[in-house]
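Chemist: Let me begin by handing over the structure; questions about it come next.
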Amino acid sequence: MYKFETKIRVRYAETDRMGYVYYGNYAAYFEVARVEALRHLGFSYRQLEDSGILLPVLDFSIRFRRPAYYDDELLVKLTVPELPGTRVLFTYEIYNPAGDLITTASTTLVCIQKDTGKPCQIPQDLMDAWSKYF
């Protein structure tokens, strides 16, 4: 199982009139975690895209437990619970500064070839980087 953590500070523009983080911004927080997790493994989304591999989101599920507020430093915990193939399942937990779990979510991304739009396997070098965690 691969695990990664990153922190994100809530900006004022990300809050709604109630002072809560607007629900649509959580998808961007999860993307930040995915991008940084890949960077931690020695890869980047740009590198994958430049090599002809795309990772569009196939499925997204979220559950809100508590709100986050402006200037909170959120801890985002990302997990890849199973070794990827053509699909990659990411699960997330977000914690507020008090350590309370505020959000849980998951996304499934599918690996496709940029030129054909057809599903393909995760590149071998990325699989090798992930496999040491399983």
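Chemist: So for segment 85-107 (the condition being crowded, with 19+ Cβ neighbours inside 10 Å, free of Cβ contacts under 8 Å to residues at least 60 places away in the same chain and out of contact with any strand residue (DSSP E or B) (no Cβ under 6 Å at 6 or more places or on another chain)), does at least one residue qualify?
Modeler: no
Chemist: Name the residue that is nearest to I8 (Cα to Cα), counting only residues in segment 34-57 that are in contact with a strand residue (DSSP E or B) (Cβ under 7 Å, 6 or more places away or on another chain) and surrounded by fewer than 15 Cβ atoms within 10 Å (Cβ to Cβ).
Modeler: So, considering only residues that are in contact with a strand residue (DSSP E or B) (Cβ under 7 Å, 6 or more places away or on another chain) and surrounded by fewer than 15 Cβ atoms within 10 Å (Cβ to Cβ), the one nearest to I8 (Cα to Cα) is H40.
Chemist: Then there is this: Output the number of the condition that T104 fails; it satisfies all remaining conditions of (1) part of a strand (DSSP E or B); (2) under 20 Å from I122 (Cα atoms); (3) of a type in the set (V, I, T).
Modeler: Of (1) part of a strand (DSSP E or B); (2) under 20 Å from I122 (Cα atoms); (3) of a type in the set (V, I, T), only one is false for T104: (2).
Chemist: Related question: Name the residues in segment 71-110 that are closer than 15 Å to L41 by Cβ and hydrophobic (A, V, I, L, M, F, W, C), would you?
Modeler: L78, V80, L83, V88, F90, L109
Chemist: Here's another thing I want to ask about it. Within segment 112-124, identify whether any single residue is in a strand (DSSP E or B) and either within 17 Å of A27 (Cα to Cα) or in contact with a Gly (Cβ under 7 Å, 6 or more places away or on another chain) (or both), and answer yes or no.
Modeler: Looking for residues that are in a strand (DSSP E or B) and either within 17 Å of A27 (Cα to Cα) or in contact with a Gly (Cβ under 7 Å, 6 or more places away or on another chain) (or both), one finds at least one in segment 112-124, hence yes.
Chemist: Where in segment 1-84 are there strands (runs of 3 or more DSSP E), lying fully within it, with 2 or more residues that are free of Cβ contacts under 8 Å to residues at least 12 places away in the same chain?
Modeler: Once the strands (runs of 3 or more DSSP E) in segment 1-84 are filtered for at least 2 residues that are free of Cβ contacts under 8 Å to residues at least 12 places away in the same chain, nothing remains.
All of the numbers you see were taken from the coordinates with simple rules; none came from a lab. Nothing here was measured: the structure is a model prediction, and the numbers come from that model. Don't worry about glycine lacking a Cβ; one is built from the backbone with ideal geometry, like all the others, and counts go over all protein chains shown.
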